[in-house]
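Only one structure is covered here, and it is reproduced in the block below.
The values are calculated or read from the model by the stated rules, or taken from the named source; none is laboratory data. Just so it is clear, the structure is predicted and the values come from calculations on it, not from any experiment. Glycine gets a Cβ as well: all are built from the backbone with ideal geometry, and neighbour counts include every protein chain shown. Areas reflect the complete protein model, heavy atoms only, side chains present, ligands, DNA and RNA absent. Shrake-Rupley method; radii C 1.70, N 1.55, O 1.52, S 1.80 Å.
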Amino acid sequence: MRNTVTTVLSMLIMFLLVGEAVAQQDVTVREINAIPQAGIDALNAAGDGLNSGDIDGECGGLIYAGTLCGTTVRFTAVVMSDPLNSGLASVNNGVVGRIHIFVRDISAETQGLEGMGIQVVDGSNALGLEGFIKGDVIEVVGEVDPFFSTMQISPTAITRVGARDLNDPIFDPIVLTTSDVNKSIGPDGAIQVNWDNLSDHRGSLVRIENATVLQRTSGDRVDWNFTSDGGTTSISMYDTSIRYRNDRDDYPSNFNRRSSDFEAPPPGATINIEGFL
């Protein structure tokens with residue numbers, strides 16, 4: 001059975017914390033995102049025969065075998081997104097179940113932006129991520145803990161160590177096309193992740209210009225997608241942020257809830273769009 005596994009674009013438009021000391025290795029986010037070439041070659045060779053177990057397989061599969069998946073790491077990064085846009089989790093007794101941010105390794109300023117972005121998800125909402133802001137420089141200790149093909153960190157300690165001006169080039173997006181992100185794999189219109197580029201762009205702030213909206217839905221969770229190559233490839237817009245969900249009225253008032261429903265641009269609209277892959 002054909003699988004159309006694609007990368008999605010998450011539009012997501014912190015006070016000192018010290019956790020219990022754990023053994024960790026110092027790495028860059030690029031090292032966390034890295035996929036061995038043998039895995040990339042196997043993904044490409046499998047084509048439309050891939051299934052979900054082949055792809056991720058909980059630190060196995062073709063994406064994560066031979067990587068840092070499951071290890072405890074430490075790195076220093078700048079906060080790229082507002083935690084008060086978090087929209088992944090339900091609210092229980094007035095508390096949002098998970099807080100997430102996107103960050104970029106500060107090594108990006110000397111080593112380049114590619115591969116330096118990642119999502120940090122506090123699954124227990126215990127580390128006070130709500131108190132951080134875009135531009136904070138933080139030291140992160142946590143487990144490399146992907147969610148399917150989405151690379152992320154489950155933190156055990158986050159410490160604010162500085163701040164960056166928001167005009168710093170480290171906040172620049174990587175300019176891409178939809179074909180940089182996804183690829184066509186068949187005459188019936190099926191598309192799949194562009195595996196050669198996944199480790200470079202997953203979790204990064206990116207910008208796609210002069211794209212065309214293909215289709216959209218309406219309702220509580222609006223789905224829509226867009227293309228920059230006439231529909232040969234496309235990217236789905238995913239509602240990670242409460243700025244793009246219409247079913248989060250119960251979030252606490254300090255979160256960036258919407259005052260009116262989000263509506264995606266209509267099919268045929270030309271757009272420039274920035275967000276996190």
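A few remarks follow.
- Under the condition of being part of a helix (DSSP H, G or I) and of a type outside the set (D, E, K, R), the residues counted in segment 116-159 number 2.
- The set of residues in segment 140-156 being open to solvent by 10 Å² or more (accessible area, probe 1.4 Å), among the small types (Gly, Ala, Ser) and within 17 Å of ASP105 (Cα to Cα) consists of SER154 alone.
- Residues being charged (D, E, K, R), over 18 Å from the mean Cα position of the chain (by Cα) and closer than 27 Å to PHE255 by Cβ - total across segment 92-111: 0
- For segment 160-196, a residue qualifies if it is surrounded by 16 or more Cβ atoms within 10 Å (Cβ to Cβ) and assigned to a strand (DSSP E or B), and the qualifying residues are ARG160, ILE174, LEU176, ASN182, LYS183, SER184, ILE191, GLN192, VAL193.
- In segment 61-115, the qualifying residues are those that are open to solvent by 10 Å² or more (accessible area, probe 1.4 Å) and part of a helix (DSSP H, G or I), and the one that is nearest to GLY131 (Cα to Cα) is LEU84.
- Some residue of segment 233-243 being of a type outside the set (Asp, Glu), assigned to a loop (DSSP other than H, G, I, E, B), closer than 30 Å to GLN37 by Cβ and more than 20 Å from the chain's Cα centre (by Cα): no
- ILE133 vs. criteria of a type in the set (A, V, I, L, M, F, W, C) and open to solvent by 60 Å² or more (accessible area, probe 1.4 Å): yes
- For segment 191-249, a residue qualifies if it is aliphatic (A, V, I, L, M) and modelled with pLDDT of 90 or more, and the qualifying residues are ILE191, VAL193, LEU198, LEU205, VAL206, ILE208, ALA211, VAL213, LEU214, VAL222, ILE235, ILE242.
- Take the conditions (1) at pLDDT 90 or above; (2) on the phi > 0 side of the Ramachandran plot; MET80 misses just one of them, which is (2).
- Residue within segment 105-113 that is under 26 Å from ASP239 (Cα atoms) and at pLDDT below 95 present: no
- When segment 116-130 is filtered for residues that are buried (at least 18 other Cβ atoms within 10 Å of the Cβ) and among the aliphatic types (A, V, I, L, M), the ones remaining, listed by number, are MET116, ILE118, VAL120, VAL121, LEU127, LEU129.
- Qualifying residue in segment 184-193 (condition: polar (S, T, N, Q) and over 30 Å from ALA77 (Cβ atoms)): yes
- The residues on offer are ARG202, ARG207, and the sole one that is basic (Lys, Arg), within 21 Å of the chain's Cα centre (by Cα) and open to solvent by less than 40 Å² (accessible area, probe 1.4 Å) is ARG202.
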